[in-house]
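Enquirer: What follows is a single structure, and I will ask about it in a moment.
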Amino acid sequence: MDKDIKQQYVATANKLEGKDYISAMIAYNAAPTVKGLKPASLINFTIGRKNRIELWKFYKDEIAKGLGLEYIELKEKVESLIVLFYKKELLEWHLSKPSSKAFLDGFGYEDHGTLEEKLQLLREKFSSSCPNEVGIFLGYPLEDIQGFIKNEGKNSLMCRYWKVYANPDRAQELFKTYDKAKAIIARSIISNTTLSSPDINYRPN
């Protein structure tokens, strides 16, 4: 994404307070999901000088509805809170693919049929560590998730939104679409226009 746009976004967001600030922060960081380009996005809220955790807890339902997202809080500590934001229909579709289902079954999800059940098991696993299968929920290519596990997170071809182990050209194209989504959100914040998500029925290949 253009560095100038990112810098303008950061400067604008830092001037915001309360709901406007936390809404802008979520919309920007979850932009590919807000725009329907990937099924879910993970955000780690920290206290910081504006106490993002408290702002999130106070405004969360209102903000999620405004952005057209659902959420599940996966893990909370004293100074951090990990939240998964997702598009329900898109995530259900993605997890129902035979390759995704087979992969998740190998991690103990075979008896968890509904999306809600899968998300609850994911949250249980987050209590001890960040489980490798979270990449499936986030829409990462299966080959890259498998490569990450096999290489223990090392030896990747590139690393941006995730660590890439196969088909770097495909990854680059996906990264460009995600950057474009973040730029669109950033410009909306800079120009003080609505951040609400339009209805999108996008289905990736």
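Since every read-out is calculated from the coordinates, none of them should be taken as a lab result. Since the model is a prediction, treat every value here as computed from it, not as a measurement. Ideal geometry is used to build each Cβ from the backbone, glycine not excepted, and the neighbour counts take in all protein chains shown.
Enquirer: When the chain is fully extended, how far beyond the present Cα-Cα distance does Asn44 get from Asn151, taking 0.36 nm per residue of separation?
Expert: Extending this stretch completely gives an extra 36.0 nm.
Enquirer: Let me ask you something else. What's the lysine pair count for region 142-189 at a Cα cut-off below 24 Å, pairs eight or more apart or interchain?
Expert: Final tally of qualifying lysine pairs is 6.
Enquirer: With a 10 Å Cβ neighbour count serving as the proxy for reagent exposure, in which order, fewest first, do Arg160, Arg123 appear?
Expert: In order of increasing Cβ crowding within 10 Å: Arg160, Arg123.
Enquirer: How tilted is helix 3-15 with respect to the longest principal axis of the chain? Cα atoms for both, answer in degrees (0 to 90, nearest 10).
Expert: Computed tilt is about 60 degrees.
Enquirer: Here's a follow-up. Rg to Rh ratio, region 103-190, alpha-carbon atoms and Kirkwood radius?
Expert: 1.04
Enquirer: Now a separate question. Go through Gln120, Gly48, Asn192 and say which Cα lies farthest out towards the positive end of the charge dipole of the chain; charges sit on Cβ, +1 for Lys and Arg, -1 for Asp and Glu.
Expert: Farthest along the dipole direction, towards plus: Asn192.
Enquirer: Given a Förster radius of 22 Å and the C-beta distance between Ser99 and Met158 as r, what FRET efficiency does 1/(1 + (r/R0)^6) yield to the nearest 0.05?
Expert: 0.50
Enquirer: Just want to confirm a number: the relative contact order over region 36-128, from Cα pairs under 8 angstrom separated by 6+ residues, in percent.
Expert: 30
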